[in-house]
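These notes are about the structure you will find just below.
The values are calculated or read from the model by the stated rules, or taken from the named source; none is laboratory data. Since this is a predicted model, take the numbers as computed values, not measurements. When we count neighbours, we look across all protein chains shown, and the Cβ atoms used for this are built from the backbone with ideal geometry, even at glycine. The area values use the complete protein model at the heavy-atom level, side chains included, leaving out ligands, DNA and RNA. Shrake-Rupley method; radii C 1.70, N 1.55, O 1.52, S 1.80 Å.
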Amino acid sequence: MTGSSPATQESHARLLAVEPVLSRIAPLRDLVSDLPPATLFHAGPPFTPGRKLPAPVLNSVLAAIRHEGWAETAKEAQAALESGAVSLAPAQDIGLVTPLAFVVGPSMYCLAVNDAKNPKAIRLSPLNDGPLPDCLRFGTGRAAGLDLLRGLTGGIGADLAANLKPTPLLPVLAAGLKGGDDLHGRVSAAQESVRGFFGPALSVESAAYLVKANQFVLNVIMAATALMIGAGAGVPGSSMVVASGGNGIDHGYKLASEPERWIIRPANRPIGPKMQESAEALPAIGDSAVIDAAGFGAACLRFAPDLAGLKGHVDDAYFTEAAHDAFIGLHPALPFPGLKLGLDLARSRACLGIMLGMVGASGTEGLVGRGVAPWPAS
């Protein structure tokens with residue numbers, strides 16, 4: 001682990017000690033005590049007061065307000081937000097990670113990942129909200145996406161909770177990498193493990209949801225990696241990243257030496273091929289950036305042949321072991337060539353980025369492509 005300070009190596013050792021286990025599914029209000037009233041939780045750092053929300057985030061906020069029963073119509077939801085009757089807060093500040101533009105309210109079902117050695121250490125992520133084009137995480141606010149969310153809260157979530165089998169997740173990460181996943185832009189190999197998370201009594205409706213929600217495992221990976229990097233927090237002098245996310249305007253991250261402080265920089269737009277060439281992609285959004293801060297995602301493109309379409313768009317170094325220059329050291333449960341975990345911003349690097357779905361900036365297009373958002377300049 002040459003190249004990182006002793007303090008940073010201590011954070012890395014704490015990361016390595018974590019044994020993440022998918023342990024529980026329940027509404028957010030049952031997993032986090034003392035939630036602030038009428039508050040929704042978004043990806044990335046806090047929004048600057050008075051600054052206009054990105055359209056995809058606003059769409060998701062208005063849908064979430066209606067889902068929580070705090071307003072009947074989109075117009076009433078807008079009024080509740082503007083009056084301050086509903087507040088917004090960063091999800092990672094309560095140990096929650098949420099994908100892209102998805103916004104989490106107290107009634108929404110979330111999955112919990114605990115450390116087998118320290119059950120009080122926990123990270124949460126909402127249940128995946130289903131397939132394109134209706135899912136709310138891409139910020140279109142479609143009525144069908146709200147209907148799917150209500151289905152999760154209305155029955156599927158409880159059924160998944162009742163049939164969940166506690167599942168160690170390091171083997172799931174290893175299976176994904178072995179099967180050609182980078183564990184962010186591609187998760188199809190890891191997704192094959194999902195049905196095994198649940199017992200045979202799962203309802204037909206819930207089983208169908210797991211098939212349609214073909215990135216269900218991504219939210220699990222988010223919580224697992226957030227738990228792993230978060231374990232390194234609280235080491236004076238450590239430059240390991242312990243939280244990371246974008247809100248569509250800014251990218252924020254936290255260091256192990258100051259785990260309560262967001263360091264905020266302008267977010268970069270993902271670079272890569274587009275499905276809708278004329279659409280403008282929103283700057284980096286989503287707490288899935290924790291996956292890349294752990295050492296997966298953009299640093300693991302060489303393990304994911306299906307993502308070779310990014311060649312010619314991003315630096316060639318992403319497809320070599322140099323992509324892990326910024327990371328601290330090996331993980332014994334993940335013995336892949338050159339794979340290192342724990343992002344150390346004090347290390348020199350050939351490249352550093354976040355593998356992301358491109359969210360259409362107008363809030364109407366949804367997914368417009370996939371790419372790598374460069375890590376923001378210091």
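For segment 335-362, give me each residue that is touching a helix residue (DSSP H, G or I) at 6+ places or on another chain (Cβ under 6 Å) and crowded, with 20+ Cβ neighbours inside 10 Å.
Of everything in segment 335-362, those that are touching a helix residue (DSSP H, G or I) at 6+ places or on another chain (Cβ under 6 Å) and crowded, with 20+ Cβ neighbours inside 10 Å turn out to be LYS340, LEU341, GLY342, LEU343, ASP344, CYS351, GLY353, ILE354, MET355, VAL359.
Could you tell me whether ALA121 is over 15 Å from LEU28 (Cβ atoms), in contact with a strand residue (DSSP E or B) (Cβ under 8 Å, 6 or more places away or on another chain) and buried (at least 24 other Cβ atoms within 10 Å of the Cβ)? It would help to see each step written out before you state the result.
Details: over 15 Å from LEU28 (Cβ atoms): yes; in contact with a strand residue (DSSP E or B) (Cβ under 8 Å, 6 or more places away or on another chain): yes; buried (at least 24 other Cβ atoms within 10 Å of the Cβ): no.
Criteria not met by ALA121.
Could you check segment 292-318 and list, in sequence order, the residues that are of a type in the set (D, E, K, R) and either open to solvent by less than 10 Å² (accessible area, probe 1.4 Å) or in contact with a helix residue (DSSP H, G or I) (Cβ under 7 Å, 6 or more places away or on another chain) (or both)? Break it down into steps so the answer makes sense when it comes.
Step one: filter segment 292-318 for residues of a type in the set (D, E, K, R), giving 292, 302, 306, 311, 315-316.
Selection gives ASP292, ARG302, LYS311.
Residue pairs, Cβ under 6 Å, 6 or more apart or interchain, first in segment 185-202 and in a loop (DSSP other than H, G, I, E, B), second open to solvent by 50 Å² or more (accessible area, probe 1.4 Å). List them.
Taking only residues 6 or more apart or on different chains, the pairs are GLY185/ARG370; ARG186/ASP306; GLY199/LYS165.
Of all strands (runs of 3 or more DSSP E) completely enclosed by segment 41-157, which ones contain at least 2 residues that are within 21 Å of GLY252 (Cβ to Cβ) and either in contact with a His (Cβ under 9 Å, 6 or more places away or on another chain) or not charged (D, E, K, R) (or both)? Spell out how you get there, then give the answer.
Working: elements: 87-90, 109-115, 118-126.
Fully inside segment 41-157 and qualifying: 87-90, 118-126.
With ALA161, ALA174 as the choices, which residue is assigned to a helix (DSSP H, G or I), small (Gly, Ala, Ser) and outside the structural domain of VAL103 (by the TED database)?
On the way: ALA161 fails: outside the structural domain of VAL103 (by the TED database).
Of the residues listed, the single one that is assigned to a helix (DSSP H, G or I), small (Gly, Ala, Ser) and outside the structural domain of VAL103 (by the TED database) is ALA174.
Of all residues in segment 256-291 being part of a strand (DSSP E or B) and touching a helix residue (DSSP H, G or I) at 6+ places or on another chain (Cβ under 9 Å), which is most open to solvent (accessible area, probe 1.4 Å)? I'd like the intermediate steps shown before the answer.
Step one: list which residues in segment 256-291 are part of a strand (DSSP E or B), which gives 258-266, 271, 274, 281, 285-286.
Within this subset, residues satisfying the condition of being touching a helix residue (DSSP H, G or I) at 6+ places or on another chain (Cβ under 9 Å) are 259-260, 262, 271, 285-286.
Working: PRO259: 37, GLU260: 159, TRP262: 34, ILE271: 76, ILE285: 7, GLY286: 2 Å².
Restricting to residues being part of a strand (DSSP E or B) and touching a helix residue (DSSP H, G or I) at 6+ places or on another chain (Cβ under 9 Å), the top hit is GLU260.
Does ASP129 satisfy the criteria of being modelled with pLDDT of 95 or more and among the charged types (D, E, K, R)? Reasoning before the result, please.
Details: modelled with pLDDT of 95 or more: yes; among the charged types (D, E, K, R): yes.
Judged against the criteria, ASP129 is a match.
Being in the same structural domain as ARG123 (by the TED database), touching a strand residue (DSSP E or B) at 6+ places or on another chain (Cβ under 6 Å) and of a type outside the set (Gly, Ala, Ser), is that true of even one residue in segment 78-94? Write out each step before concluding.
Taking segment 78-94 first, the residues in the same structural domain as ARG123 (by the TED database) are 78-94.
Then keep just the ones that are touching a strand residue (DSSP E or B) at 6+ places or on another chain (Cβ under 6 Å); that gives 87-89, 91-92.
From what is left, the residues that are of a type outside the set (Gly, Ala, Ser) are 88, 92.
So far as segment 78-94 goes, yes, one or more of its residues are in the same structural domain as ARG123 (by the TED database), touching a strand residue (DSSP E or B) at 6+ places or on another chain (Cβ under 6 Å) and of a type outside the set (Gly, Ala, Ser).
Please work out which one of (1) touching a Lys or Arg at 6+ places or on another chain (Cβ under 7 Å); (2) surrounded by fewer than 21 Cβ atoms within 10 Å (Cβ to Cβ); (3) not aliphatic (A, V, I, L, M) is the condition PHE47 fails and give its number.
(1)
Just to verify a result, which residue in segment 59-73, among those that are open to solvent by 40 Å² or more (accessible area, probe 1.4 Å) and farther than 20 Å from THR364 by Cβ, is farthest from the chain's Cα centre (by Cα)?
Here is the first cut: in segment 59-73, the ones open to solvent by 40 Å² or more (accessible area, probe 1.4 Å) are 59, 66, 69-70, 72-73.
With farther than 20 Å from THR364 by Cβ added as a condition, the list becomes 69-70, 72.
Details: GLY69: 26, TRP70: 26, GLU72: 29 Å.
That would be GLU72.
Can SER11 be described as of a type in the set (Ser, Thr, Tyr) and either in a loop (DSSP other than H, G, I, E, B) or in the same structural domain as SER288 (by the TED database) (or both)?
So SER11 does not fit the description; no.
Can you work out which of the residues in segment 321-330 that are surrounded by fewer than 22 Cβ atoms within 10 Å (Cβ to Cβ) and not charged (D, E, K, R) is nearest to LEU170 (Cα to Cα)? Don't jump to the end; show me each part of the working.
The first filter runs over segment 321-330 and keeps only residues surrounded by fewer than 22 Cβ atoms within 10 Å (Cβ to Cβ), leaving 321-322, 325, 329-330.
Checking the rest, the ones that are also not charged (D, E, K, R) come to 322, 329-330.
Values: ALA322: 24, GLY329: 16, LEU330: 14 Å.
The extreme case among them is LEU330.
Considering segment 214-235 alone, what residues qualify as being open to solvent by 10 Å² or more (accessible area, probe 1.4 Å) and assigned to a helix (DSSP H, G or I)?
Once the filter is applied, which keeps residues that are open to solvent by 10 Å² or more (accessible area, probe 1.4 Å) and assigned to a helix (DSSP H, G or I), segment 214-235 yields LEU218, GLY230.
Suppose we filter segment 22-37 for residues that are closer than 22 Å to ASN247 by Cα and open to solvent by 30 Å² or more (accessible area, probe 1.4 Å); how many remain?
Residues in segment 22-37 being closer than 22 Å to ASN247 by Cα and open to solvent by 30 Å² or more (accessible area, probe 1.4 Å): 3 in total.
Since VAL241 meets every condition but one in (1) outside any strand (DSSP E or B); (2) in contact with a strand residue (DSSP E or B) (Cβ under 7 Å, 6 or more places away or on another chain); (3) under 22 Å from PRO270 (Cα atoms); (4) of a type outside the set (Asp, Glu), which condition does it not meet?
(1)
Residue pairs, Cβ under 6 Å, 6 or more apart or interchain, first in segment 58-73 and under 21 Å from ASN247 (Cβ atoms) and of a type in the set (A, V, I, L, M, F, W, C), second part of a helix (DSSP H, G or I) and open to solvent by 20 Å² or more (accessible area, probe 1.4 Å). List them.
Pairs found: LEU62/ALA74.
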